[in-house]
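Working notes, beginning with the structure itself.
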Amino acid sequence: MFTAKAFRDACTEEHQTQSFSGVGAKHQNAEAERAIQTVMYMARLFMLHGALNWGEDGSDNISLWSFAVDYAAWLYNHIPQRGSGITPLEMVTQSKSDHRELMRAHVWGCPVYVLEASLQDGKKLPKWN
């Protein structure tokens with residue numbers, strides 16, 4: 001798929017280069033492997049945090065794993081790197097961020113409650129809703 005002519009042409013148009021590594025040669029792609037490892041460790045930590053603090057509420061449910069990985073990847077891409085002070089997202093987009101999006105970050109796995117809009121307006125919910 002990545003060697004298809006249409007894909008290579010699209011990469012050339014976007015001024016992107018390709019390099020291939022051998023099968024099982026993780027040492028050839030250490031930076032990407034390390035990023036994946038970091039994201040997976042973060043997601044595992046989120047799952048453990050939820051299970052330890054809110055396990056009786058079902059937070060230790062394995063079906064939440066994909067959400068934990070998604071949030072860990074979002075955090076990884078938006079948190080500035082220790083050495084350079086820029087985020088992976090800034091490296092890709094080549095634009096500086098003011099990091100405001102981090103203000104909406106929350107502890108993953110905490111129980112939340114949503115107020116029904118009609119209750120907020122002072123109305124009652126139908127009996128069976």
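Since every read-out is calculated from the coordinates, none of them should be taken as a lab result. Only a predicted model underlies this, so the values are computations on that prediction, with no experimental measurement involved. Every residue, glycine among them, receives a Cβ derived from its backbone with ideal geometry; neighbour counts consider all protein chains shown.
Side notes on the structure shown:
- Of all residues assigned to the stretch 109-116, at least one qualifies as being surrounded by 10 or more Cβ atoms within 10 Å (Cβ to Cβ) and of a type in the set (D, E, K, R).
- Within the stretch 111-127, at least one residue is within 22 Å of Leu45 (Cβ to Cβ) and either touching a strand residue (DSSP E or B) at 6+ places or on another chain (Cβ under 8 Å) or of a type outside the set (Lys, Arg) (or both).
- Test: residue in the stretch 5-16 that is surrounded by 10 or more Cβ atoms within 10 Å (Cβ to Cβ) and under 15 Å from the mean Cα position of the chain (by Cα): no
- Members of the stretch 81-115 that are more than 15 Å from the chain's Cα centre (by Cα) and β-branched (Val, Ile, Thr): Ile86, Val92, Thr93, Val112, Val114
- Helices (runs of 4 or more DSSP H) contained in the stretch 1-100 and holding at least 1 residues farther than 30 Å from Pro111 by Cα: 5-13, 30-54, 88-93
- Any pair with Cβ under 6 angstrom, 6 or more apart, that starts in the stretch 31-46 at a residue that is within 11 Å of Ala72 (Cα to Cα) and without any contact (Cβ under 8 Å) to a residue 40 or more places away in the chain and ends at one that is in a helix (DSSP H, G or I) and not small (Gly, Ala, Ser): Val39/Tyr76; Ala43/Val69
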